[in-house]
Structure formats: C-alpha cells, structure tokens
Amino acid sequence: MVKLTTGIVYDDIFLEHRIGTHVESHERLVAIMELLNQKKLFESSNFKLIKPEKATLEQIRYVHEDSLIQEVKEVSELAKTTGHIQQLDMDTAVSAKTYEASLYSVGGNLKGIDEILAGNVNNVFAAVRPPGHHSNAYRCSGFCIFNNIAIATEYLFREKNIKRVAIIDWDCHHGNGTQDIFYNGSDHGDVVIFNSHQDGRTLYPGSGFINDIGSGKGEGKIINYPLPPRAADDTIMLYFDEIIEPICNQFKPEFILISAGFDTHWTDRLTNMGWTFQAPANYLGKIKTVADKFAEGRIQITLEGGYEIDKQAKAVYNCLQVLNNDKEKLITENPRKSDDQTLNYITKKLIPKLKEILNPYWNCFN
Ligand SMILES: [Zn+2]
C-alpha cells in the first residue's frame, strides 16, 4: 500500500467547551487523545498534528444567520459573568469558552482542508468539539453549536474552487441541521448528502426519512437511510454497495466530508444501534475507494457524537488506521450480525423503495 500522511486536527481549546456532567463531555476528546498517544501515533511520520486557527465570522455566516452567532457569543459571555453553565435549549449547553472553542472547531475543519489541498497531508481526522450536524441556519440544537461540516462544504465551494462535494453522515442521529442547510442545494456548488442513522421514529431528532430528498437545486441529492434499532455492521455495508457507490460513480465527488459520530456502537447509552467499534473503519475503507477513484483520496472526517468514550476512542483509532492505509492494525471486537428480520426489511423493502424514489434523479438504478 502507498504510504500516506494523515492529519489530525486537535487543540486543548476544544476541552474548554466544558459543560459539567453533560454526556457530550470534554472527556470524549481526552480519551481519544490518550489512546492515540498510548499508540504513539504522533511519533510516527505517518501522522501529523494540525493546530486549528479560528474561523472568521464571514466564514461562519456561510451557513448561519447573524442572530445565531450573536446568541452563542452572548450566552458564552453570560456563562463567564455568572460562572454558571448556560443552555441554548434543553440539550445544548454553553460554557464561558464555548463561543471561542466553536470558532476553533470550525477553523480546525477549514485548516484540515487547507492542508489536504496544499498536499501536506493526504486526508484528515478533525478531533474537534463542539459538534455541529444538528445546527441549522438559525438554531443550535442537539449538543451542536456551529455546523462544522456545512461550513467546510461552503468553504470548499467558495474559497477552494471545488465544485462537487459528497457529505457522508454516519452518526447514529440524523444530521438534520446539515440536511436543512442544504435542502435546496448550495448556490456555490453541488452537494450530495448520504445520511445513515437510527430511524427517526425511534430516536432524536425524529427526522431523516427516505422521502426527504431535497428540493430545487438539491432535489434528489439528500439520501437518507434510516435503520431499525439493533441494525449491525452488515446494514451499513449494504448502503454503500447498493446506494452510495453507484451514485458516486455518477456524481464523481471531488472531495468527501464525513460527519463521524461513534454513537452507533451497540453499547452506546443514547442510542439502540448494533455496530461494533470496527464498523465505522470498515465502512470508511469502502468510502476511501470512492475518494481514491474521483477525489484524489481527499477525505476529511469531522467528529460528531459518541458517548461510550472507550469504544469511541478505539473506533477513532481504527478510522485513522484506515485513512493511513494500515487496516491490519485495527482493534476489533466480536463481529455482530443483524437478525434476519432486519436484513429482510433492508434488502426487500428499504433499499428497493429508496432506489425507486431516487431513480428519476440518478440513472444508475435501471
Ligand atoms: Zn449522535
């Protein structure tokens, strides 16, 4: 295999979005960095630490309204003056440093893109927080502040002359904010969103159904894959083989951005999915073949959710090994398979129905 350099975006500022006993805790990143250090990743020339810079307000405004930006800033200031954690909504908490950390979280994603396009690294994992995929243009929600991946997409279009971006969101929760932002497409480029998640009838935020396909310029470019509870590793591979790969062969993405949540693990406390901690890496291995074919290998992963911190750390480590072409180093647990009822539903109902819905927009399902 070709030797690659994989960038890892990280800075301690991401720990300063410190929101008490909230499940989206700074300990998530601490555990990831501890494992990577224990495995001596940063001592290897195969990996490069990338320090983030702040995104500018103009860049945040690519997808967010001023009122949202102002609210995050003011509520962070309130947390500072009162010395107490504040809430943007029931789920989404803010500390004194949340606004600053959020600017760096976005900026880290943009810096990763710079490093890839400059040829300094082949691909990137952005170990950032706060996460972003539930925030839309005007509202922060679901533990998320600024929508990192949506801003990264617009950055590619507006500042980097990239025309076609595929977003793949494998967090267990539907990436409703990203879907909202690009529901009518983008004025500056072409974006397709592949979103797999636990069925919205059984999990927050209750959206992401197969009939939601976008409209206007975005029609046919939102591709939701809602999975029943306990669906295991095999179901995500079917999504790639049956839907993602054929569409990407037609769409030919120039850059792939991944919203990576690790809350699909079968033990995760917030969800009911059935993945192992090697499943995201194995799925990434397939995604990488598309990136190699059309996008000169350009993949950037950004961290979203994941609440069993030891499993998440292993899953992230595994993804880094796949990005770095070193699959034999994966940490694995016992394989898990979906039950027959689930597989029947996926292969006989969900996938055929999804193909029927997408058929008018893509000619690869005939
Ligand atoms: Zn999630």
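Quick note: the coordinates plus some simple rules give every number you see, no bench work behind them. Nothing here was measured: the structure is a model prediction, and the numbers come from that model. No Cβ is skipped: glycine too gets one built from the backbone with ideal geometry, and neighbour counts run over all protein chains shown.
Overview of results
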{"read-out": "Dipole in debye (nearest 20) - the chain, about Cα centre, beta carbon charges: Lys, Arg +1; Asp, Glu -1", "value": "700 debye"}
{"read-out": "Virtual spin-label span in nm between residue 137 and residue 353, 7 Å along Cα→Cβ", "value": "3.0 nm"}
{"read-out": "Between the range 152-196 and the range 301-315, the alpha-carbon center distance in angstrom", "value": "22 Å"}
{"read-out": "Cα gyration tensor, the range 85-195 - rounded (a/c under 1.5), prolate or oblate", "value": "oblate"}
{"read-out": "Efficiency of FRET between residue 292 and residue 77 - r from beta-carbon atoms, R0 45 angstrom, step 0.05", "value": "0.45"}
{"read-out": "Estimated FRET transfer efficiency when R0 is 51 angstrom, pair residue 237-residue 66 (beta carbons, to 0.05)", "value": "0.75"}
{"read-out": "Extended-chain gain in nm, criterion 0.36 nm per residue less alpha-carbon gap, residue 202 and residue 245", "value": "12.7 nm"}
{"read-out": "Percentage relative contact order, the chain, counting C-alpha pairs under 8 Å, at least six apart", "value": "18 percent"}
{"read-out": "Shape category assigned to the range 219-303 from the gyration tensor of Cα positions, a/c cut at 1.5", "value": "prolate"}
{"read-out": "At q = 0.08, 0.10, 0.11, 0.14 Å⁻¹, base-10 log of I(q)/I(0) for the range 6-358 (Debye sum, equal scatterers on each alpha carbon)", "value": "-0.33, -0.53, -0.65, -1.12"}
{"read-out": "Gaussian network model of the chain, springs between alpha carbon atoms under 10 Å - residue of 143, 42, 182 with greatest fluctuation", "value": "42"}
{"read-out": "Separation of the residue 252 and residue 27 label points, Cα + 7 Å toward Cβ, nm", "value": "4.9 nm"}
{"read-out": "Chain lengthening between residue 269 and residue 331 when straightened (0.36 nm per residue, less Cα-Cα)", "value": "20.2 nm"}
{"read-out": "Separation of the residue 184 and residue 160 label points, Cα + 7 Å toward Cβ, nm", "value": "2.6 nm"}
{"read-out": "Estimated FRET transfer efficiency (residue 363, residue 339; beta-carbon r; R0 35 Å; 0.05)", "value": "0.55"}
{"read-out": "GNM flexibility winner over the chain from 331, 69, 346 (Cα, springs under 10 Å)", "value": "331"}
{"read-out": "Top of 107, 119, 218 by mean-square fluctuation, Gaussian network on the chain, Cα under 10 Å", "value": "119"}
